[in-house]
Amino acid sequence: MWSLKRTLVRFGRLRKFRTIRRGVPIDTQAHEAFLRHRQVWQQKAVLRSIYNEEFFARLLASRKAGGVSVEVGGGAGFFKEFSPSVICTDLIQSPWLDAVVDAQRLPFRSSSVSNIFGLDMLHHIASPMMFLNEAQRVLIESGRIILVEPWITPFSYFIYRYLHQEDCELSARPWDAKEGELKLGKKAFEGNQAIPYLLFGPRNLSRTLEMLKGLRPVAIEPFCLFAYLLSCGFKPMNLLPVSFYPAVAKLERRTLQVWRRLAALRVLLVLEKTAPMPGRNSDQEQP
């Protein structure tokens, strides 16, 4: 960890690096959930295959080569295991993290990071637009925000609205700073799975991009259906033997265009920084 800190300071990429230490408040509920997830992860080989081949592979395939890559909302640390060179951060203290970081106040200098990765994190943030603007600030030109998030389709809405523990509220207004401010005391696992669709779905995409003038969408690709549903995710039960996974994954990829608009559960979002933010000095720091 300290080697990582010294390296980032040496290259001028770090402003205020909050390393993991005693005395940092812990969201006990979130920490216990991470431990449960890690236990299920070790027990379910098919879940590891799905994450590695469908989620993590998509994230890495979309990255900009070279430079510093940071994961926000690293959670239980699975992406770090898959790609050890990525700096793994989360708001919740955990021993597998490289740093404790608030995604809404990133501790990196402006124009210093090549890629910002996130898996199922945007819809948990109190102020998603605050994170996106912070990410835009710290990215180098042509740097990328690369996210895999829940996505709303007629089928997935039923799953998320009625069969999932998190909220799915299409009435939310993620562009509204005041709404985000009211949620600053939220728990880490509280979230609204409709947020990515509200921001980047066809109805509101232009509105979101108008507020993020330095970013352009490279990919908005819905995917994910049969294999993840049958695996039951991080629940202990599993309906997909690992030996059947390759066949199910192959079927899913071959039929993607048939069900993508009607039933996809997830989306790959890739946003690229097109130009320096006007009026921002590269060494400007947050108060």
Item checked: Scan of region 60-119 for residues that are in contact with a Gly (Cβ under 6 Å, 6 or more places away or on another chain), hydrophobic (A, V, I, L, M, F, W, C) and surrounded by fewer than 21 Cβ atoms within 10 Å (Cβ to Cβ), ordered by number -> 96
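Do we find that residue 249 is at pLDDT 95 or above, under 21 Å from the mean Cα position of the chain (by Cα) and not aromatic (Phe, Trp, Tyr) in this structure? Give the derivation first.
On the way: at pLDDT 95 or above: yes; under 21 Å from the mean Cα position of the chain (by Cα): no; not aromatic (Phe, Trp, Tyr): yes.
The answer is no for residue 249.
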Check: Consider residue 116 against the criteria (1) assigned to a loop (DSSP other than H, G, I, E, B); (2) free of Cβ contacts under 8 Å to residues at least 60 places away in the same chain; (3) under 26 Å from residue 275 (Cβ atoms): it satisfies all of them except one. Which criterion is unmet?
Finding: (1)
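Could you tell me whether region 219-239 includes any residue that is small (Gly, Ala, Ser), part of a helix (DSSP H, G or I), out of contact with any Gly (no Cβ under 9 Å at 6 or more places or on another chain) and at pLDDT below 95?
There is no residue in region 219-239 that is small (Gly, Ala, Ser), part of a helix (DSSP H, G or I), out of contact with any Gly (no Cβ under 9 Å at 6 or more places or on another chain) and at pLDDT below 95.
Could you list, in sequence order, the residues of region 152-168 that are part of a loop (DSSP other than H, G, I, E, B), over 19 Å from the mean Cα position of the chain (by Cα) and modelled with pLDDT of 95 or more?
The answer is 153, and nothing else.
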Item checked: Residue list for region 252-287, filter: modelled with pLDDT of 95 or more, under 24 Å from the mean Cα position of the chain (by Cα) and assigned to a loop (DSSP other than H, G, I, E, B) -> 264, 265
Next item on the list: Take the residues in region 28-59 that are under 30 Å from residue 112 (Cβ atoms) and either at pLDDT below 95 or among the β-branched types (Val, Ile, Thr) (or both), then tell me which one is surrounded by the fewest Cβ atoms within 10 Å (Cβ to Cβ).
Entry: 31
Notebook entry, point to check: Which ones in region 208-218 are of a type in the set (Lys, Arg) and in a loop (DSSP other than H, G, I, E, B)?
Noted result: 213
Next item on the list: Specify which of the listed residues (134, 190, 149) is modelled with pLDDT of 95 or more and over 19 Å from residue 219 (Cα atoms).
Entry: 134
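The values are calculated or read from the model by the stated rules, or taken from the named source; none is laboratory data. Worth saying up front: this structure is predicted, and the values here are computed from it rather than measured. Note: ideal-geometry Cβ built from the backbone for every residue, glycine included; neighbour counts use all protein chains shown.
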